[in-house]
1. Suppose all protein chains stay in the model; what accessible area per residue would a 1.4 Å probe give for the chain, in Å²?
2. Would you work out what percent of the accessible area of the chain, with all protein chains in place, is carbon or sulfur (probe 1.4 Å)?
3. How far, in degrees from 0 to 90, does helix 127-141 lean away from the longest principal axis of the Cα atoms of the chain, to the nearest 10?
4. I need the Debye-formula profile for the chain: one equal scatterer per C-alpha, no solvent, reported as log10 I(q)/I(0) at q = 0.18 1/Å, two decimals.
5. Which loop-located trypsin sites (Lys or Arg not before Pro) does segment 129-166 contain, where loop means any DSSP state but H, G, I, E or B and the Cβ has at most 15 other Cβ atoms within 10 Å?
6. Compute the signed sum of charges (Lys and Arg +1, Asp and Glu -1) over the other residues within less than 11 Å, Cβ to Cβ, of Tyr161.
7. Taking the Cα centre of segment 88-171 as origin, work out the dipole magnitude from +1 charges on Lys and Arg Cβ and -1 charges on Asp and Glu Cβ, in debye rounded to 20.
8. Given the whole protein assembly as supplied and a 1.4 Å probe, what does the accessible area of Tyr110 come to in Å², nearest 10?
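The values are calculated or read from the model by the stated rules, or taken from the named source; none is laboratory data. Predicted model, so just to flag it, every value in this text is computed and none were measured. Reconstructed Cβ throughout: ideal geometry from the backbone, glycine too, with neighbour counts over all protein chains shown. Each accessible area value is taken on the protein alone, full model and side chains, heavy atoms only, with ligands, DNA and RNA left out. Shrake-Rupley method; radii C 1.70, N 1.55, O 1.52, S 1.80 Å.
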Amino acid sequence: RCDAMSSNLNGPANRRTKATRDVLLEELDDADLWDNYGIDADVEPFTEHFPRANIHEILTSDLLHQVIKGSFKDHLVEWVPMYLELTVGKSQAKVIMDDIDRRIAATPAYPGLRRFPHGRRFKQWTGDDSKALMKVYLAAISEYVNEKIVKAFAAFLDFCYLVRRGARHVW
């Protein structure tokens, strides 16, 4: 984790350290700690009394979670409607997105495929929702986006499937 302010995540930031955490705990009240840094003053890291352990170096992001949620759901799925608006206009993009949702909803019952009766429009996404949508999303959008975009989506999905495999072999 970094020490960027939550209101300006693109601003200057450094990696967190025990020393920075200690200064923040001394200087800020509990509300500021939580609101701006996500630190709960009442929780002591289990590594606090281990001289060679730094909780900020131990914790790493889950690459696949970041890739699936960050790249697929938060970027690619949200980007397609914006791309369509730029290329075909707002009203036609809405018609196309409705058809994409219809295609996703029309996914037949099949082992390993999840059905989305309302297309991609659901309020609370889980990792399983994203992984299930990944299986049908490319087919739903392929007619409406540029061939290069389809290839980029396909390469991204291939990467995700390879990373999720339990064993990797070099042939």
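1. Working: 11930 Å² over 171 residues.
About 70 Å² of surface per residue is accessible.
2. Carbon-and-sulfur percentage of accessible area, whole number: 55.
3. In the chain, helix 127-141 runs at an angle near 30 degrees to the longest axis.
4. -1.11
5. Numbers: sites: Lys131, Lys135, Lys148, Lys151, Arg164, Arg165; in loops: Arg165.
Here the sparse-neighbourhood loop sites are Arg165.
6. Computed value for this residue: +3.
7. The dipole magnitude comes to about 200 debye.
8. Using a 1.4 Å probe on the heavy atoms, I get roughly 150 Å².
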